Amino acid sequence: MSGKTFLRDWYGDKAKLGVVSPMNLVSQIKAPVFLAAGGEDKRTPIQHTELMERRLKAAGVPVEMLEYKTEGHGFYKPEHRKEYYTRLLAFFNRHLGGATAK
């Protein structure tokens, strides 16, 4: 099964997805958002994440973004993983409570 077939079978018709895309429902998002992306991601181009960040900011939604220009769809370098999880846990701590990573 190709990636496009998988997406169509699981998510439905591409034309109908825009109606329920978070990108188009930013005004309904009320919780703070943490975005993380890789600049070399072939599945989810960085431009999508940057656009989402701009739209969230324009809507007044608290948003934090972490980008690694040399990573793809996932973070594989140990130093990037450490920073990602440290910042993600700090984000959760600020907004949900709990301990921060060291």
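Numbers below:
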read-out	value
Search result, residues across segment 2-60 that are loosely packed, with under 10 Cβ neighbours inside 10 Å, in a helix (DSSP H, G or I) and hydrophobic (A, V, I, L, M, F, W, C)	10, 15, 19
Any hit, segment 70-77, residues being in contact (Cβ under 8 Å) with a residue 24 or more places away in the chain, hydrophobic (A, V, I, L, M, F, W, C) and either surrounded by 13 or more Cβ atoms within 10 Å (Cβ to Cβ) or out of contact with any Pro (no Cβ under 7 Å at 6 or more places or on another chain) (or both)	yes
Residue, nearest to the chain's Cα centre (by Cα), within segment 1-37, restricted to residues that are closer than 30 Å to residue 70 by Cβ and polar (S, T, N, Q)	21
Every pair of residues 6+ apart whose Cβ atoms lie under 8 Å, when the first sits in segment 33-58 and is acidic (Asp, Glu) while the second is surrounded by fewer than 13 Cβ atoms within 10 Å (Cβ to Cβ)	40/69; 40/70; 41/73
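Every number in this text was worked out from the coordinates using simple rules, so none of it is lab data. Note that the coordinates shown come from a computational prediction; the quantities given were computed from them, not determined experimentally. Note that we place each Cβ from the backbone using ideal geometry, even for glycine, and neighbour counts take in every protein chain shown.
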